[in-house]
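J.: Please find one structure pasted underneath; my questions will follow.
The values are calculated or read from the model by the stated rules, or taken from the named source; none is laboratory data. Bear in mind the structure is a predicted one, so any value in this text is a computation, not a measurement. Note that we place each Cβ from the backbone using ideal geometry, even for glycine, and neighbour counts take in every protein chain shown. For the accessible areas, the whole protein counts, side chains as well, though only heavy atoms, and no ligand, DNA or RNA atoms are used. Shrake-Rupley method; radii C 1.70, N 1.55, O 1.52, S 1.80 Å.
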Amino acid sequence: DAKTTQPTSMDCAEGRAANLPCNHSTISGNEYVYWYRQIHSQGPQYIIHGLKNNETNEMASLIITEDRKSSTLILPHATLRDTAVYYCIVRVASNDYKLSFGAGTTVTVRA
Amino acid sequence: DVKVTQSSRYLVKRTGEKVFLECVQDMDHENMFWYRQDPGLGLRLIYFSYDVKMKEKGDIPEGYSVSREKKERFSLILESASTNQTSMYLCASSFWAGSEREQYFGPGTRLTVT
């Protein structure tokens, strides 16, 4: 699976959009971009994933650049409950096991 | 919504005890997983199962065994608990087929072995 690079931490104001970047310059054509988050002392939570096109669901939007070397997770209206560690993962969908998280980005939403 | 439940949020056991961690999912997922998560080491796969009675070793199976007698239930067994098995244990499940296969996690069990 391709390696990803994320900022260590970022702050966001409540009610504003939070834009979380992820670099994955070695991504290959059959690898998907997945995002998970983990709120303190809880299990990880799946957020969204995509291959080439931008994706949106009730939690977030995922913007993938045309060359697929980077992506941005957007939380449109951050709330205090969005404070968590966010993990960007690039993997082939068929590699169903070995879900590996790097250090992720610690996002703190401030009132 | 997918629901993955784990039998305990917190557990304290003594060295040498046999420990059972239970996981149940309600989405008819074929795949189920057991991970442990430790500070600085991230998420590590212990075992996974892609069908009833089927199991595969992950990266760190030593000291653990698993059981999957029913599709919705996956149990992790610590045969003889040791202090180095103090950790957060996370169960997850996913579909087998399709390009999606995102994993859904339970709330975790924080196990302390004294």
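J.: Summarise the partner chain shielding of A:37-43 as one whole number: the mean count of Cβ atoms from other chains within 10 Å of each residue's Cβ.
T.: On the way: counts 0, 5, 0, 0, 6, 7, 15.
Counting Cβ atoms of other protein chains within 10 Å of each residue's Cβ and averaging gives 5.
J.: In peptide B:104-111, how many Cβ atoms from other protein chains are near each Cβ within 10 Å, on average?
T.: 3
J.: How are the Cα pair distances of the protein assembly as shown distributed, in percent, across 10 Å bins from 0?
T.: For the protein assembly as shown, the pair-distance distribution reads 8, 32, 34, 20, 5, 0.
J.: Compute and list, largest first, the equivalent-ellipsoid semi-axes of segment A:2-63 from the alpha carbon gyration tensor, each √(5λ) rounded to a whole angstrom.
T.: Numbers: eigenvalues 88, 41, 36 Å².
Working through the eigenvalues yields semi-axes of 21, 14, 13 Å.
J.: Accessible area of B:PHE105, 1.4 Å probe, to the nearest 10 Å²?
T.: 30 Å²
J.: Moving to a separate point now. Over the Cα atoms of chain B, what Rg and Dmax result, in angstrom?
T.: Final numbers for Rg and Dmax: 13.4, 43 Å.
J.: For chains A and B, what's the summed buried accessible area, probe 1.4 Å, to the nearest 100 square angstrom? Walk me through the numbers before you get to the answer.
T.: Details: alone 6460 and 6420 Å², together 11200 Å².
The buried area between A and B, both sides summed, comes to about 1700 Å².
J.: Also, I was wondering about something else. Using a probe radius of 1.4 Å on heavy atoms only, what accessible surface per residue do you get for chain B? Whole Å² is fine.
T.: Working: 5600 Å² over 114 residues.
For chain B, the solvent-accessible area averages 49 Å² per residue.
J.: OK, next. So with the 1.4 Å probe, I'd like the accessible area per residue for segment A:1-53, rounded to whole Å².
T.: Heavy-atom SASA per residue in segment A:1-53 reads 51 Å².
J.: If amide H atoms are built 1.01 Å from N in the plane of the peptide, which residues on other chains or at least 5 residues away come under 5 Å of the amide H of B:LEU43?
T.: Answer set, sorted by chain and number: A:PHE101.
J.: Please go through the residue pairs A:LYS52/B:LYS55; B:LYS18/B:LYS70; B:LYS13/B:LYS57; A:LYS52/B:LYS57; A:LYS3/B:LYS57 and name each one whose alpha carbons sit more than 29 Å apart in this structure.
T.: Details: A:LYS52/B:LYS55 33 Å; B:LYS18/B:LYS70 21 Å; B:LYS13/B:LYS57 24 Å; A:LYS52/B:LYS57 32 Å; A:LYS3/B:LYS57 24 Å.
Those over the limit are A:LYS52/B:LYS55; A:LYS52/B:LYS57.
J.: A further question on this structure: What fraction of the Cα pairs in chain A, stated in percent, has a spacing above 21 angstrom?
T.: Values: 1846 of 6105 pairs.
Across chain A, Cα pairs with separations above 21 Å total 30 percent.
J.: Express as a percent, rounded to the nearest 5, the fraction of DSSP beta bridges in the protein assembly as shown (both residues included) that run antiparallel. Write down the numbers at each step before the final one.
T.: Details: 64 of 73 bridges.
Within the protein assembly as shown, antiparallel bridges account for around 90 percent of the total.
J.: On to the next question. Got a sec to turn the phi values of segment B:106-112 into Karplus ³J(HN,Hα) couplings, 6.51 cos²θ - 1.76 cosθ + 1.60 with θ = phi - 60°, whole Hz, x for Gly and Pro?
T.: Residue by residue, segment B:106-112 yields x, x, x, 10, 8, 9, 10 Hz.
J.: If you don't mind, there's one more thing I want to ask. Which Cys in the protein assembly as shown stand alone, with every other cysteine's Cβ at 4.7 Å or more from theirs?
T.: Flagged as lacking a Cys partner: A:CYS12.
J.: Please compute the average number of Cβ atoms from other chains found within 10 Å of each residue's Cβ in peptide A:17-24.
T.: On the way: counts 0, 0, 0, 0, 0, 0, 0, 0.
Neighbouring Cβ atoms belonging to other protein chains average 0 per residue here.
J.: Arrange the residues A:PHE101, B:PHE33 by how much accessible surface each exposes, largest first, with a 1.4 angstrom probe. Each step should come with its number before you reach the end.
T.: Values: A:PHE101 20, B:PHE33 0 Å².
Putting A:PHE101, B:PHE33 in descending order of accessible area: A:PHE101, B:PHE33.
J.: Next question. Accessible area of chain A with a 1.4 Å probe: how many percent of it is carbon plus sulfur?
T.: Values: 2690 of 5600 Å².
Of the solvent-accessible surface of chain A, carbon and sulfur hold 48 percent.
J.: GNM, chain A, Cα, under 10 Å: largest mean-square fluctuation among A:ASN54, A:ASN19, A:ASN30?
T.: A:ASN30
J.: So, in nm, how far is label A:ARG81 from label A:THR5 when the simple model puts each one 7 Å beyond its Cα toward the Cβ?
T.: For the pair A:ARG81/A:THR5, the computed spacing is 3.5 nm.
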